[in-house]
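Reading through the structure tokens given below for one structure.
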Amino acid sequence: MMKKETFIDEKPGRIFLLCLIYGFHMVEEFTLGFVEWADRYFGKFDWTQNLIGNFMFFVVLAFGCYLYYKNPGKYLWTGMAGCMWVLSNAFLHISATLLGHEYSPGLVTATIFYIPGGLYFLIQWGKKEVLTWKNLALSFAVGAMIFMLIPTFIRAILLHAELAKLFHMVS
């Protein structure tokens, strides 16, 4: 008798939509002054760091999506980490805009693409009943904390940047 395996995704290639919406997000950031904004909010930020950082983020995101695409059961957490990353990026743009009373370049695409895109996949996996505390915690730790929030906040605190001041992390 065969053990029934949970079918996670009939179209795992959809996960690459995260890469596409990341591309739209980069267009907004690159054309509307993200580097100048980030220099104030993250501290000592320039085009070289922006290009290298975004290249690294894209490679990691694409690799995580590829792993999920090849084996959604084994690599569900990498697809989820991508969702957590885009959702945490949206959180940063929205919260910095609200707290700083200044448009954060990337806010529009973070709001209209990242939030619905990230939630879409999480809802689909929830419907398949494959979301567990373990894979949620792992994907949040990797996607949101390790790749987005912790480095961003550490940089802002060490450089006494606006973002740290907005979140009352430095005086």
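Check segment 76-85 and report whether any residue there is closer than 24 Å to Met145 by Cβ and part of a loop (DSSP other than H, G, I, E, B).
Within segment 76-85 (the criterion being closer than 24 Å to Met145 by Cβ and part of a loop (DSSP other than H, G, I, E, B)), the answer is no, since none of the residues qualifies.
Listed here are the residues, each with its yes/no results for (1) surrounded by 13 or more Cβ atoms within 10 Å (Cβ to Cβ); (2) touching a residue at least 60 places away in the same chain (Cβ under 8 Å); (3) among the acidic types (Asp, Glu).
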position	(1), (2), (3)
Gly13	no, no, no
Phe16	yes, no, no
Ala38	yes, no, no
Gly43	yes, yes, no
Cys65	yes, no, no
Gly82	yes, yes, no
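Can you find a residue that is crowded, with 17+ Cβ neighbours inside 10 Å, in a helix (DSSP H, G or I) and of a type in the set (Phe, Trp, Tyr) anywhere in segment 90-112?
Checking segment 90-112: not a single residue is crowded, with 17+ Cβ neighbours inside 10 Å, in a helix (DSSP H, G or I) and of a type in the set (Phe, Trp, Tyr).
Considering only segment 45-55, state which residues are over 18 Å from the mean Cα position of the chain (by Cα), surrounded by fewer than 16 Cβ atoms within 10 Å (Cβ to Cβ) and not acidic (Asp, Glu).
Trp47, Thr48
Considering segment 138-163 alone, what residues qualify as being among the aliphatic types (A, V, I, L, M), surrounded by fewer than 18 Cβ atoms within 10 Å (Cβ to Cβ) and over 15 Å from the mean Cα position of the chain (by Cα)?
Residues satisfying the conditions are Ile154, Ile157, Leu158, Leu159.
Among the residues of segment 36-64, count how many are in contact with a helix residue (DSSP H, G or I) (Cβ under 8 Å, 6 or more places away or on another chain) and over 30 Å from Ile15 (Cα atoms).
Of the residues in segment 36-64, 5 are in contact with a helix residue (DSSP H, G or I) (Cβ under 8 Å, 6 or more places away or on another chain) and over 30 Å from Ile15 (Cα atoms).
If Pro72 satisfies every condition in (1) in contact (Cβ under 8 Å) with a residue 24 or more places away in the chain; (2) in a helix (DSSP H, G or I) but one, which is the exception?
Exception for Pro72: condition (2).
We did not get these values from a lab; they are worked out from the coordinates using the rules stated. Since the model is a prediction, treat every value here as computed from it, not as a measurement. Quick reminder, even Gly has a Cβ in these numbers, built from the backbone with ideal geometry, and neighbours come from all protein chains shown.
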